Amino acid sequence: MIKFKDKTIKKLISKRQINNLNSIAFISSPLQMICLKELLFYKSINNLKVVIVNKNDYDDNVNQIKKVAENLQIHISNIFIHNKRLSYFKLFFKYALRKENILILGAYYNSVFYFLSKIINYKKLLFVDDGLETAFIGRLNVTNEFLTNKIFKWKYPSSRMHFSAFKDLDINYFSQNNFLFIKKRIKFKTINNSIFLLGSNFIESDMLTFDQYQYYIKKIKNRYSSKNIFYLPHRREDASNFSRYGIEILKPEVCFEVYLSLIESLPKCIIGFYSTALITSKIILSENDKVEIINVPIKFNENDDERKNIYNEVLIKNKIKNIF
C-alpha cells in the first residue's frame, strides 16, 4: 500500500476524487432550468446529471422545461413522474444512499426535493431560485400541508448555499444570479412600441374569479388603448379563459426570459401581476432603461397580507413600480 507523506499530494488526490464524483440537479420548472444554466455559466460543474421532476409526463410545464433546456443546450438525463404518494418509494429505491459531489435543488419548498435531500449522500447542497419563494425562507412557513413535513422535521442543513437573483435575504449566498448568460443575448436589441402583458393562473388557482381578473385586464387595456398589447399566458392558464380577454395572444414555447432573448426587438413596456418575470426582466434588462417594467397590484380573495408584503418588498428593492 502506498503511503503519502506529503500533505499537498494528499489534498490534490482528495480534490481529484471529489471532482470525479457525479453531481445531480433536480428541476421542476422552466425558470429553475434557466437558473441552472446561469449557475453553470458562472461556475462549471463536472459530471452533472439533470433530472426533471413533474406530476405528468406530458403537459405544458414539462414541455416548456424541455424546450428551455434545448435552447440553453442542457442535456436532460431523466424525467421522474411524481403523481402519487407511492412515488416516494420509487425515489427511495432509485436515489437512496447515492453519493453525489453537489446536490442542486430547483426549489426550497418542494416536498419531493426535500425528501431527496434526506436520502442522497452529498458533499454540498445548492439551491437555485423558483419564483419568489426564495424570499419566503425564514419568514413564511408553507410546509404544513406537505406529507414530508409530517415524516421529517423540515430543516435543511445550515451549510446549504443559494444561487439567487434576490438581494439582501437571510440566506447563505453561493453567489448573486445576475442572469449574465441571458443578458449577453439581449445586449444589442432595439425597442419597439408594443406592450407585453404577462398572464397569471389566478383563475385556475381559485385566487380570483374570471370577472375579477377581467376587471384588471380591462383597466390595463384602457390605460394603453393606443398601444399594441400582447397577452402572454402563464403555462398553467386555460385557453378557455385567456381567449376571452380581447387581447392578441402570444404563446411562446419557452419561458419569458428565454423568449426575450429570441425576439428581434424588445417591448416598450412589460406588465405583470406580482410575477417573478418582472424581477428577472428587471435584472436582465438592467443596462437598458428604455424598457418600462410595471406591476399590477391585485386584491386577492384570501387574506394573504404577509405574502403580499414580501412581494412588495422585493418589487421595491428592484425599483419596480405599481401601475395604479
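The values are calculated or read from the model by the stated rules, or taken from the named source; none is laboratory data. Just so you know, these numbers come straight off a predicted model, no measurement behind them. We place every Cβ from the backbone using ideal geometry, glycine too, and count neighbours over all the protein chains shown.
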Residue ID - nearest to Leu132 (Cα to Cα), chosen from residues in segment 170-207 that are assigned to a strand (DSSP E or B) and touching a Pro at 6+ places or on another chain (Cβ under 8 Å):
Phe196
Inter-residue pairs, beta-carbon under 6 Å, first assigned by TED's automatic domain parsing to the domain that holds Met33 and of a type in the set (Lys, Arg) and in segment 67-96, second surrounded by 14 or more Cβ atoms within 10 Å (Cβ to Cβ) and not in a strand (DSSP E or B), 6+ apart:
Lys67/Glu253; Lys67/Val254
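Go over the candidates Tyr122, Tyr58 one by one and state the one that is among the hydroxyl-bearing types (Ser, Thr, Tyr), over 29 Å from Asn318 (Cβ atoms) and either in contact (Cβ under 8 Å) with a residue 60 or more places away in the chain or crowded, with 18+ Cβ neighbours inside 10 Å (or both).
Sole residue among the options that is among the hydroxyl-bearing types (Ser, Thr, Tyr), over 29 Å from Asn318 (Cβ atoms) and either in contact (Cβ under 8 Å) with a residue 60 or more places away in the chain or crowded, with 18+ Cβ neighbours inside 10 Å (or both): Tyr122.
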Before we move on, is Leu21 under 16 Å from Ile102 (Cβ atoms), surrounded by 11 or more Cβ atoms within 10 Å (Cβ to Cβ), out of contact with any helix residue (DSSP H, G or I) (no Cβ under 8 Å at 6 or more places or on another chain) and at pLDDT below 95?
yes
Only one residue in Tyr95, Tyr58, Tyr88 is farther than 17 Å from Leu21 by Cα and touching a helix residue (DSSP H, G or I) at 6+ places or on another chain (Cβ under 8 Å). Which one?
Tyr88
Of the residues in segment 222-238, how many are closer than 19 Å to Lys251 by Cα, surrounded by 14 or more Cβ atoms within 10 Å (Cβ to Cβ) and either out of contact with any strand residue (DSSP E or B) (no Cβ under 6 Å at 6 or more places or on another chain) or aromatic (Phe, Trp, Tyr) (or both)?
6
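Counting just the residues of segment 306-324 that are aliphatic (A, V, I, L, M) and not in a helix (DSSP H, G or I), which one comes out modelled with the highest pLDDT?
First pass over segment 306-324, keeping only residues aliphatic (A, V, I, L, M): 310, 314-316, 320, 323.
When the remaining residues are screened for being not in a helix (DSSP H, G or I), the result is 320, 323.
Values: Ile320: 94, Ile323: 90.
The qualifying residue modelled with the highest pLDDT is Ile320.
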Answer yes or no: is there a residue in segment 82-101 that is more than 25 Å from Val142 (Cβ to Cβ), crowded, with 17+ Cβ neighbours inside 10 Å and touching a Lys or Arg at 6+ places or on another chain (Cβ under 8 Å).
yes
Among (1) closer than 30 Å to Glu264 by Cα; (2) touching a residue at least 24 places away in the same chain (Cβ under 8 Å), where does Leu169 come up short?
(1)
Considering residues that are in contact with a helix residue (DSSP H, G or I) (Cβ under 6 Å, 6 or more places away or on another chain) and closer than 10 Å to Ile270 by Cα, the number found within segment 280-295 is 2
Single unsatisfied condition, Asn303 versus (1) modelled with pLDDT under 90; (2) in a helix (DSSP H, G or I); (3) within 20 Å of Asp211 (Cα to Cα)
(2)
